[in-house]
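First the structure, in the form of structure tokens, and then the observations on it.
The values are calculated or read from the model by the stated rules, or taken from the named source; none is laboratory data. As the structure is a prediction and not an experimental result, all values here were calculated from the model. Because the Cβ atoms are built from the backbone with ideal geometry, glycine has one as well, and the counts that use them run over all protein chains shown. Ligands, DNA and RNA are stripped out before the accessible areas are found, and what is left, the full protein with its side chains, is counted by its heavy atoms. Shrake-Rupley method; radii C 1.70, N 1.55, O 1.52, S 1.80 Å.
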Amino acid sequence: MSQDAELVGHQQKERSGSGDADAVGASSDALVASKSEDSVRAEGAERSGVADGNGGETVFDFDILSPACPSRTVLRHVVDRWTPLVVTVLADGPSRFGELRSRIGGVTPKVLTQTLRSMERDGLVTRTQLPGVPPRVDYELTDLGRSLQAPIGALRTWIQDNSAQILAHRESYDAIGS
């Protein structure tokens, strides 16, 4: 049986409730780990694609809990360590690289560059190079990027409201030595 057929079979068993869920998860995880991110994303999109019935575009049924679903890469990019901070800074308006770096404490130039490129690739930010010596580069949220402001703001508020309680629980847990 091919790996693709095996994965689809395991996913069908998992959905129907038959089969050992741990074995299914382990097989799916091993298969996903053995493939490149792009091939898994493409295969997940193909498997989850459903024609709209009118000869139009394919409509995707994204399932973030499925290891092969391309929405997993979106989730990973949106909730990585730096993206929420970049969105928070750019919510105030366009910013240059140096301004971003100084407002987001602790990020290295390399990591900030990678984060901005990833966000640009995902359509969350635009990069505009203006003429001059040295050239000026501005980063700005797109409409899609601005749509992240509310969820990230809600998460930020939740973190600020609950951090003291979480830190107290962490300290208590660590004191027990577990």
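Considering every alpha-carbon pair of region 70-177, the percent of pairs per 10 Å bin, from zero through the bin containing the longest distance, is 13, 39, 28, 14, 5, 1.
Where does the charge balance sit around GLY145 when Lys and Arg score +1, Asp and Glu -1, over other residues with C-beta under 10 Å from its C-beta? Spelling it out: positives minus negatives among the neighbours equals -3.
For region 70-177, what does the relative contact order come out to in percent, with C-alpha contacts under 8 Å and a separation of six or more? Kindly include the intermediate steps, with their values, before the conclusion.
Values: 86 pairs, mean separation 28.0, N = 108.
Computed value for region 70-177: 26 percent relative contact order.
Summing +1 for each Lys or Arg and -1 for each Asp or Glu, what net charge is found among the other residues whose Cβ lies under 14 Å from the Cβ of GLY105? Overall, the nearby charge balance is +2.
Centroid-to-centroid, using Cα positions, region 85-123 and region 125-153 are 9 Å apart. Name the residue farthest towards the positive end of the dipole of region 70-177 from the options GLY106, LEU75, THR128, assuming +1 on Cβ of Lys and Arg, -1 on Cβ of Asp and Glu, about the Cα centre. Final value for the positive-end residue is THR128.
Please list VAL87, VAL111 from largest to smallest accessible area, probe radius 1.4 Å, with all protein chains kept in place. Could the numbers behind the result be given before it?
On the way: VAL87 0, VAL111 45 Å².
Final ranking, largest accessible area leading: VAL111, VAL87.
When the accessible area of region 70-177 is split by element with a 1.4 Å probe, what percent falls to carbon and sulfur? Let's see the in-between values first.
Values: 4010 of 7140 Å².
Looking at region 70-177 in its full context, I get 56 percent from C and S.
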